[in-house]
Amino acid sequence: MCNTGDNEVKKKYYTWQDVEHAADSIVAQLTKDEWCPEIIVGINRGGLPLAVLLSHKLNTRMYTLDIQLRNGKDNDCESNLWLAEWAFGYNYPEESGITGSRWDPKLRKKILIVDDINDTGATFEWLVKDWQSSCLPDEQYAWDAVWDNSTRFAVMTENHSSNFYKVRYNWDEVNKAEDDNAWPVWPWETDNKKGTE
């Protein structure tokens, strides 16, 4: 990884080797926590390279989720409430054989949500609100047991000035409140000539 750029915008270039290191680091953190996801969810598009690597390294199935927030608009976001049901432990009695409850903690699946960066936090905040919309109002309190227990968040780069504070795993860190011009350029982006080296 190298920091270069002109006087206007300082860019932080990541290489494919950095992505590989990030995946190895996150796997080590998961191992240390003794927490292994049953499902990895990559946020389209930036989270997919890291999510695919983690899926292979952990031999875990992977899904994608299309959340694109541009210019304050979320009309291109894909709601996946079935993932919320898995995270929360939705009970289908005909499948589980468990009767009497709509939700059951024993049915919760461990889900790791992966993106390239937790920048402002808007992407992850959208996902949290979307998933929680699948619950009845009197069940909202129970989501506190889901976030960080059955569902966790991982990114290559964590921005310490993000509004979203639930990211558990990361490889690199920035603080855009202190250095607003530290603009990440990923190796899959066309203007990252350094990322191909």
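Structure summary
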item	result
The range 42-73: number of residues that are under 22 Å from VAL185 (Cα atoms) and assigned to a strand (DSSP E or B)	7
Output for the range 24-41, where each listed residue is in a helix (DSSP H, G or I) and either of a type in the set (D, E, K, R) or in contact (Cβ under 8 Å) with a residue 40 or more places away in the chain (or both)	ASP24, SER25, ILE26, GLN29, LEU30, LYS32, ASP33
Residues within the range 106-124 that are under 10 Å from the mean Cα position of the chain (by Cα) and without any contact (Cβ under 8 Å) to a residue 60 or more places away in the chain, tallied	2
Residue count for the range 1-49, restricted to those that are in contact with an Asp or Glu (Cβ under 8 Å, 6 or more places away or on another chain) and at pLDDT below 85	2
Top-ranked residue in the range 145-168 [being surrounded by 20 or more Cβ atoms within 10 Å (Cβ to Cβ) and out of contact with any helix residue (DSSP H, G or I) (no Cβ under 9 Å at 6 or more places or on another chain); ranked as modelled with the highest pLDDT]	GLU158
Enumeration of residues in the range 77-117 that are within 25 Å of ILE26 (Cβ to Cβ), acidic (Asp, Glu) and either at pLDDT 80 or above or touching a Cys at 6+ places or on another chain (Cβ under 6 Å) (or both)	ASP115, ASP116
Residues (in contact with a helix residue (DSSP H, G or I) (Cβ under 8 Å, 6 or more places away or on another chain) and at pLDDT below 85) located in the range 59-76	ILE67, LEU69, ASP74
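The values are calculated or read from the model by the stated rules, or taken from the named source; none is laboratory data. Computed from a predicted model, the values in this text were never measured in an experiment. As a convention, Cβ positions derive from the backbone with ideal geometry for all residues, glycine included, and neighbour counts pool all protein chains shown.
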